[in-house]
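The structure appears right after this line, and notes come after that.
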Amino acid sequence: MKLFVYGTLLRGESNHHVLEGATLLFEGIKIQAKMYDTNIGYPAIELEEGSTIVGEVYEIQEYIWSSLDALEGYTGNPLTDMYSKEIVKVETNEGLIEVIVYTICDVSMKSVLIPSGNWIEYRSSLIR
């Protein structure tokens, strides 16, 4: 299955190592969602028409999913999980594909809206 990443799993970011063994398929891909800075070192998103975020798409090997779920605080219980898994369709230069994306469960993590929907640009602007 394919995964859309938008924060610390992006190339060059702090948790990218979790994707070791995955294959980058597409970069600069956009989905309809709002991005938030959680103020604890990583972003969170919620799917929403009219807002766009940017990320990368990876082909994920089966053995990587357990590490991803642990990182994202996902067990399948929306009452206690930090994130849920959603399936969305994204447009690529090879056509429309389905991807999994981790979306926010814990609304208290919605600290600061990131209007650009671009985690790397946002973090760079904070460092200046």
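In the range 10-27 there is at least one residue that is under 11 Å from the mean Cα position of the chain (by Cα) and surrounded by 15 or more Cβ atoms within 10 Å (Cβ to Cβ).
Do we find that Glu56 is surrounded by fewer than 13 Cβ atoms within 10 Å (Cβ to Cβ), assigned to a strand (DSSP E or B) and of a type in the set (D, E, K, R) in this structure? So Glu56 does not fit the description; no.
Collect the residues in the range 96-119 that are among the small types (Gly, Ala, Ser), more than 15 Å from Lys30 (Cβ to Cβ) and either at pLDDT 95 or above or touching a Ser or Thr at 6+ places or on another chain (Cβ under 7 Å) (or both), keeping them in residue-number order. Result: Ser111, single match.
Flag: Lys85 matches the condition of being under 14 Å from Tyr6 (Cα atoms), charged (D, E, K, R) and either modelled with pLDDT of 95 or more or over 15 Å from the mean Cα position of the chain (by Cα) (or both). Suppose the filter is surrounded by fewer than 16 Cβ atoms within 10 Å (Cβ to Cβ) and either touching a Lys or Arg at 6+ places or on another chain (Cβ under 9 Å) or of a type in the set (A, V, I, L, M, F, W, C) (or both); does Val88 pass it? When the stated conditions are applied, Val88 passes them. Considering the range 63-95, and only residues there that are part of a strand (DSSP E or B) and among the β-branched types (Val, Ile, Thr), the residue that is nearest to Ile31 (Cα to Cα) turns out to be Val90.
Okay, residues lined up against (1) touching a residue at least 60 places away in the same chain (Cβ under 8 Å); (2) over 18 Å from Glu121 (Cα atoms); (3) small (Gly, Ala, Ser):
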position	(1), (2), (3)
Arg11	no, no, no
Ala22	no, yes, yes
Phe26	yes, yes, no
Ile31	yes, no, no
Thr38	yes, no, no
Thr52	yes, no, no
Glu56	no, no, no
Ser67	no, yes, yes
Tyr83	no, yes, no
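The values are calculated or read from the model by the stated rules, or taken from the named source; none is laboratory data. Nothing here was measured: the structure is a model prediction, and the numbers come from that model. All Cβ positions, even for glycine, are placed from backbone atoms using ideal geometry, and neighbour counts span all protein chains on display.
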